[in-house]
Amino acid sequence: QVQLVESGGGLVQPGGSLRLSCAFSGGLFRIYAMGWYRQAPGKQRELVATITSGGITNYADSVKGRFTISRDNAKKSVYLQMNSLRPEDTAVYYCNANKNFADSWGQGTQVTVSS
């Protein structure tokens, strides 16, 4: 059973940076597509960024040029580097692992962008 544990969230000022990490266990990491999603209060969960097993990335338009997703197969981890953060980036960020259309989710980490 896949388990995902996120870390790295916190409070940051507008324009600042954070790096989220997601540790994967319980499966063969390198064959999973991985992603980051977020959910703001009162809103639906939305895609932030994904990375395939082959390293192809995809981003929501709202974060293109500011966020970077990456993976380290040796460490069984996926990362989200977030730069130029805005108040509207405030949300709970969730790590996702997908294989054959089956999803696993982490518990989420809070990111708050505020002065």
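The values are calculated or read from the model by the stated rules, or taken from the named source; none is laboratory data. Only a predicted model underlies this, so the values are computations on that prediction, with no experimental measurement involved. When we count neighbours, we look across all protein chains shown, and the Cβ atoms used for this are built from the backbone with ideal geometry, even at glycine. These accessible areas exclude ligands, DNA and RNA; they are computed on the full protein's heavy atoms, side chains included. Shrake-Rupley method; radii C 1.70, N 1.55, O 1.52, S 1.80 Å.
Taking the condition of being open to solvent by 80 Å² or more (accessible area, probe 1.4 Å) and of a type in the set (D, E), how many residues in the range 60-76 meet it? Write out each step before concluding.
Quick first cut of the range 60-76, residues open to solvent by 80 Å² or more (accessible area, probe 1.4 Å) only: 61, 64-65, 74-76.
The next check asks that each one be of a type in the set (D, E); those that pass are 61.
The number of residues fulfilling the criteria is 1.
Looking only at residues in the range 77-105 that are small (G, A, S) and open to solvent by 10 Å² or more (accessible area, probe 1.4 Å), which one is modelled with the lowest pLDDT? My answer is A102.
Look through I31, I51, I56 and report the one residue that is surrounded by fewer than 19 Cβ atoms within 10 Å (Cβ to Cβ), more than 19 Å from Q107 (Cβ to Cβ) and in contact (Cβ under 8 Å) with a residue 12 or more places away in the chain. Steps first, answer last, please.
On the way: I51 fails: surrounded by fewer than 19 Cβ atoms within 10 Å (Cβ to Cβ); I56 fails: in contact (Cβ under 8 Å) with a residue 12 or more places away in the chain.
Only one candidate passes the filter, namely I31.
Residues of the range 20-47 that are touching an Asp or Glu at 6+ places or on another chain (Cβ under 9 Å), among the aliphatic types (A, V, I, L, M) and not in a loop (DSSP other than H, G, I, E, B): L20, A23. Tell me, yes or no, whether the range 15-26 has at least one residue that is under 17 Å from S104 (Cβ atoms) and in contact with a Cys (Cβ under 6 Å, 6 or more places away or on another chain). Yes, because at least one residue in the range 15-26 is under 17 Å from S104 (Cβ atoms) and in contact with a Cys (Cβ under 6 Å, 6 or more places away or on another chain).
Note on the range 34-48: residues that are over 14 Å from D89 (Cβ atoms) and touching a residue at least 24 places away in the same chain (Cβ under 8 Å) amount to 3.
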